[in-house]
Amino acid sequence: MIRNGTPTVSEAIVKRTVGAFDVLAIAGAGAAAMHWDASGVDWHLAGLVVLLGTILGINFLHLAGAYKFSLFGRFESAVGRLLIGWIGTVAALFLATRYFEPVTAVEGPWAMAWLAGALALMGINRFVLWQFMRAWRRAGRLGEIVAVVGAGPIAQRLLRDLATRHSGLRVIGVYDDGASRLAKQCMGHPIRGTVDDLVKDAREHHIDTVIVALPLSADRQLVDTLNRLCLVPVNVRLCPDAFGLRLGAVATSHIAGHTFLNVIDRPLNDWRWIVKGIEDRLLGALILTAIAPLLLAIALLIKLDSPGPVLFRQKRYGFNNTLIDVLKFRTMYTDQTDANAEQLTRRNDPRVTRVGAFLRRTSLDELPQFLNVVRGEMSIVGPRPHALSAKAGTLLYQDAVKYYDARHRVKPGITGWAQVNGWRGETDTVEQIKKRVEYDLYYIEHWSILLDLKIIARTIVGGFTGQHAF
């Protein structure tokens, strides 16, 4: 069985975090040393020397291989590379003092304290990281979790080669649409089912990367496989065979000595995911604090208008098709609420209260969802979460639009690109939900902080109201 667990540790994030700490350690130790030795030092010149030392230090550490992720788990090796890089930095600064007159400020007690202090801080950082690496290894969070699609010669060759390398990859299984006709294992790895089973496993368990090892000549099978895999938030890599395939402008990845074609990337990967999370939590908390009096006023109006609870909780699909309780102000009479949205709200809907009609028209009923944002279930900007039984005409959304679930590869949002472009409210026709999904997918593929701020600004000035808002 595949075990549920926390995500694997991102190599890119760890390496960049260590590099950022080293910059702070070198610059911070220099500033502290200058403050400590306040006797006859030209602080402007010394500050330039510290800046030069920081730049040299980071570059020499890179050249020495001090940021290789594989070394962080071996304390002696990590410290050894650190020493080599730092010795190179000190030697470069020493030579600079002999040939460049302005750099003579590097001499003196403060300089010795700076160089020793920076080395000590970076050494402590390596020790702490080593402890984390041990804990991550025990928790099974080190090593990319990989699934392979295909059980033919290409996949067998790939799996055989991966078994001979110490790549750190963890192959959790093989998936093939012909699984019912195949043996239970492929090169020692279990055949867990079809591509549809892989989509289900990717939603229920953590998988980092899917490697498609199918013949490139089987173009229809490849297209169908990639279309199904685009529904889940995983990296998809295509293992090319001898025939080759023209896919246009695609990047490549190098995993365990193999070259793979990047055909699908996880949205908001690594730092983009962290930046988006910080944006949501920080802005969400600030906005929630600012609108607290408004929330209390609306809650009072709802209680005075009709009996029942102030908030309405509705199950909706969130990130990776997980169900979340989306919070809204109650806008319908308590005995007529529709938890699954079996019947979409219409103009002059008799189920809607007087206060509720105003809240829905102005979208003020959505404000409690900032609580969902602060709790980490939603984003401020993202594809709107839809109710379980929402329909376009007579069809459920997921039946009306092929690959509808691809919009769930990111967290849902309070507002979104589709909403500020007018695609909200009723969905009487399939075309309406198709356009909404089209705009949602555009947002996912083109995300940036500037785009989020643009959507927020357009929402504030009226992009979330209009003729379809009721």
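Within segment 250-274, the set of residues being exposed (fewer than 15 other Cβ atoms within 10 Å of the Cβ) and more than 23 Å from Arg228 (Cβ to Cβ) comprises His254, Gly257, Thr259, Asp270, Trp271, Arg272, Ile274.
Candidates in segment 288-326 are the residues that are among the β-branched types (Val, Ile, Thr) and loosely packed, with under 14 Cβ neighbours inside 10 Å; of these, the one that is farthest from Ile460 (Cα to Cα) is Thr322. Would it be correct to say that Phe69 is in contact with a helix residue (DSSP H, G or I) (Cβ under 9 Å, 6 or more places away or on another chain), modelled with pLDDT under 95 and closer than 30 Å to Thr209 by Cα? Judged against the criteria, Phe69 is a match. For segment 394-401, the criterion of a residue being closer than 19 Å to Gly422 by Cα and surrounded by fewer than 19 Cβ atoms within 10 Å (Cβ to Cβ) is satisfied by no position. Of all residue pairs spaced 6 or more apart or on separate chains, those with beta-carbon atoms under 7 Å, a first member in segment 305-322 that is assigned to a loop (DSSP other than H, G, I, E, B) and a second member that is buried (at least 16 other Cβ atoms within 10 Å of the Cβ) and hydroxyl-bearing (Ser, Thr, Tyr) are Ser306/Tyr333; Ser306/Thr353.
Condition check for Gly422 on (1) without any contact (Cβ under 8 Å) to a residue 40 or more places away in the chain; (2) out of contact with any strand residue (DSSP E or B) (no Cβ under 7 Å at 6 or more places or on another chain); (3) surrounded by fewer than 15 Cβ atoms within 10 Å (Cβ to Cβ): one failure, at (1). Can you tell me how many residues within segment 46-85 are surrounded by 19 or more Cβ atoms within 10 Å (Cβ to Cβ), more than 22 Å from Gly168 (Cβ to Cβ) and of a type in the set (Gly, Ala, Ser)? Matching residues across segment 46-85 total 4.
Scanning segment 313-336 turns up no residue that is at pLDDT 90 or above, polar (S, T, N, Q), over 30 Å from Pro233 (Cα atoms) and within 34 Å of the chain's Cα centre (by Cα).
Looking at Val410, Val437, which one is in contact (Cβ under 8 Å) with a residue 60 or more places away in the chain, under 28 Å from Lys276 (Cα atoms), within 25 Å of the chain's Cα centre (by Cα) and surrounded by 20 or more Cβ atoms within 10 Å (Cβ to Cβ)?
Numbers: Val437 fails: in contact (Cβ under 8 Å) with a residue 60 or more places away in the chain.
That would be Val410, the only listed residue that is in contact (Cβ under 8 Å) with a residue 60 or more places away in the chain, under 28 Å from Lys276 (Cα atoms), within 25 Å of the chain's Cα centre (by Cα) and surrounded by 20 or more Cβ atoms within 10 Å (Cβ to Cβ).
Tell me, yes or no, whether segment 86-106 has at least one residue that is buried (at least 17 other Cβ atoms within 10 Å of the Cβ), in a helix (DSSP H, G or I), at pLDDT 85 or above and under 35 Å from the mean Cα position of the chain (by Cα). Yes - at least one qualifying residue is present in segment 86-106.
Does at least one position in segment 418-428 carry a residue that is hydrophobic (A, V, I, L, M, F, W, C) and over 24 Å from Phe358 (Cβ atoms)? No, segment 418-428 contains no residue that is hydrophobic (A, V, I, L, M, F, W, C) and over 24 Å from Phe358 (Cβ atoms). Note on segment 243-302: among residues that are in contact with a helix residue (DSSP H, G or I) (Cβ under 6 Å, 6 or more places away or on another chain) and in a loop (DSSP other than H, G, I, E, B), the one that is modelled with the lowest pLDDT is Ala256.
Where in segment 338-420 are there helices (runs of 4 or more DSSP H), lying wholly inside it, with at least 3 residues that are aromatic (Phe, Trp, Tyr) and modelled with pLDDT of 90 or more? Write out each step before concluding.
Working: elements: 354-362, 369-374, 397-400, 417-420.
In segment 338-420, there are no helices (runs of 4 or more DSSP H) which contain 3 or more residues that are aromatic (Phe, Trp, Tyr) and modelled with pLDDT of 90 or more.
Listed by first and then second residue, the pairs linking a residue in segment 210-234 that is over 12 Å from Ile264 (Cα atoms) to a residue that is basic (Lys, Arg), with Cβ atoms under 9 Å apart and 6 or more places separating them unless they lie on different chains, are Ala213/Arg157. The residues of segment 216-242 include none that are among the small types (Gly, Ala, Ser) and either surrounded by 21 or more Cβ atoms within 10 Å (Cβ to Cβ) or in a strand (DSSP E or B) (or both).
The values are calculated or read from the model by the stated rules, or taken from the named source; none is laboratory data. Fair warning: this is a prediction, and the values are worked out from it, not measured in the lab. Neighbour counts run over all protein chains shown; Cβ positions are idealised from the backbone, glycine included.
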